[in-house]
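See structure below.
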Amino acid sequence: MQKPAPSDFPVHELIRERWSPRAFADKPVTKEVLRSIFEAARWAPSSSNEQPWAYLVAVKDDKDGFAKMLSVLVEFNAAWAKSAPVLAIAVAHLVFAKNNAPNRNAQYDTGAATALLSVEATAHGLAVHQMAGFDPEKARQVFGIPAGWDAMAALAIGYPGDPNSLPQPLKDRELSPRTRKPIAEFVMAGQWGHTAPFATK
Ligand SMILES: Cc1cc2nc3c(=O)[nH]c(=O)nc-3n(C[C@H](O)[C@H](O)[C@H](O)COP(=O)(O)O)c2cc1C
């Protein structure tokens, strides 16, 4: 299934086609494709080129790793994410490696890396569904995430599947229209709250 963004203005096909399904096809992701999507994360920009991100990844064949991933998700997410062939957690290094000083852009940069990963995934026909609904402290314990690193988001990665495989409430959400604020609401100029002139239709 595809769910292209009904954008107000033209955007690149990869942006239009990226979305966050909860139904996944029973189809594995090859290691070549996995390499490409994490390579895309690698080439994200970051403050001081610190590259303050790391990803814990489990493919379904890795039964122990996959079970560990599912164990840190909240129940709501685990219920649908278990059908994805790959689960991951994005982790941010909150301090600079060179001097342990706080890196206030670490989360921002990790999000940027995951955004690029998601776009690369879209180019391969994959979808990435990010999740805040997981227990970061449990993830720290289960995976041995060191101090100074924080788990930011869990990721379900796979090929979009049949919405009919979902229970009714999730199926309804899967099929519901995609919505966004208009750019006039968040693109400002001159003064906070003043819409940039180009941003109105
Ligand atoms: C950081 C982050 C956390 C999210 N957490 C969850 C989550 O816990 N469970 C869930 O079902 N969706 C989650 N989502 C998915 C969003 O609901 C989804 O991205 C949003 O509704 C926009 O839909 P789209 O990605 O299809 O455009 C999360 C997305 C992001 C980026």
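The values are calculated or read from the model by the stated rules, or taken from the named source; none is laboratory data. All figures in this text were calculated on a predicted structure; none of them were measured in a lab. Cβ atoms come from the backbone with ideal geometry, glycine included; neighbour counts cover every protein chain shown. Surface areas here come from the heavy atoms of the whole protein model, side chains and all, with no ligands, DNA or RNA. Shrake-Rupley method; radii C 1.70, N 1.55, O 1.52, S 1.80 Å.
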TODO: Evaluate the relative contact order of the stretch 62-118 (contact order divided by residue number), counting alpha-carbon pairs under 8 angstrom at least 6 apart; express in whole percent.
DONE: 22 percent
- [ ] Using θ = phi - 60° and the Karplus relation 6.51 cos²θ - 1.76 cosθ + 1.60, list the HN-Hα couplings for the stretch 135-152 in order, rounded to whole Hz, with x at every Gly or Pro.
- [x] 9, x, 6, 5, 4, 4, 5, 5, 9, x, 5, x, 4, x, 10, 10, 5, 9
Open item on the list: What does the charge count around L116 come to, taking other residues whose C-beta lies under 10 Å from its C-beta (Lys +1, Arg +1, Asp -1, Glu -1)?
Closed with: -1
TODO: Springs between alpha-carbon atoms under 10 Å, Gaussian network over the chain: tell me which of G111, G190, G133 tops the mean-square fluctuations.
DONE: G190
Open item on the list: Using a 1.4 Å probe on the protein heavy atoms, what percent of the accessible area of the stretch 115-201 belongs to carbon and sulfur?
Closed with: 57 percent
Task: Ellipticity estimate at 222 nm from DSSP helix runs (n ≥ 4, -39,500 (n - 2.57)) divided over the chain, nearest 500 - done: -10000 deg cm²/dmol
Open item on the list: Quick check for you: with a 1.4 Å probe and neighbouring chains kept, what is the accessible area per residue of the stretch 1-92, in Å²?
Closed with: 55 Å²
Task: Heavy-atom SASA rank of L117, L70 (probe 1.4 Å, accessible area, largest first) - done: L70, L117
- [ ] Heavy atoms only, probe 1.4 angstrom, no DNA, RNA or ligands counted: give me I183, I15, I145 ranked by accessible area, highest first.
- [x] I15, I183, I145
Open item on the list: Just to check I understand the Karplus step: with θ = phi - 60° and J = 6.51 cos²θ - 1.76 cosθ + 1.60, what whole-Hz values come out for the stretch 16-26, glycine and proline as x?
Closed with: 5, 7, 5, 7, 10, x, 10, 9, 10, 6, 7
Task: Semi-axes of the equivalent ellipsoid for the chain, Cα gyration tensor, largest first, Å - done: 27, 25, 16
TODO: Note down the magnitude of the dipole of the chain about its Cα centre, charges +1 on Lys and Arg C-beta and -1 on Asp and Glu C-beta and zero elsewhere, to the nearest 20 debye.
DONE: 160 debye
TODO: Heavy atoms only, probe 1.4 Å: what % of the accessible area of the stretch 6-104 goes to carbon and sulfur, would you let me know?
DONE: 55 percent
- [ ] Order these peptides, 53-61, 153-161, by their mean beta-carbon neighbour count within 10 angstrom, highest first.
- [x] 153-161, 53-61
Task: Alpha-carbon centroids, the stretch 1-63 and the stretch 67-125: separation in whole Å - done: 10 Å
Task: Phi to ³J(HN,Hα) by Karplus 6.51 cos²θ - 1.76 cosθ + 1.60 over the stretch 37-51, Hz, x for Gly, Pro - done: 6, 6, 5, 5, 4, 4, 8, 5, x, 8, 4, 6, 6, 6, 6
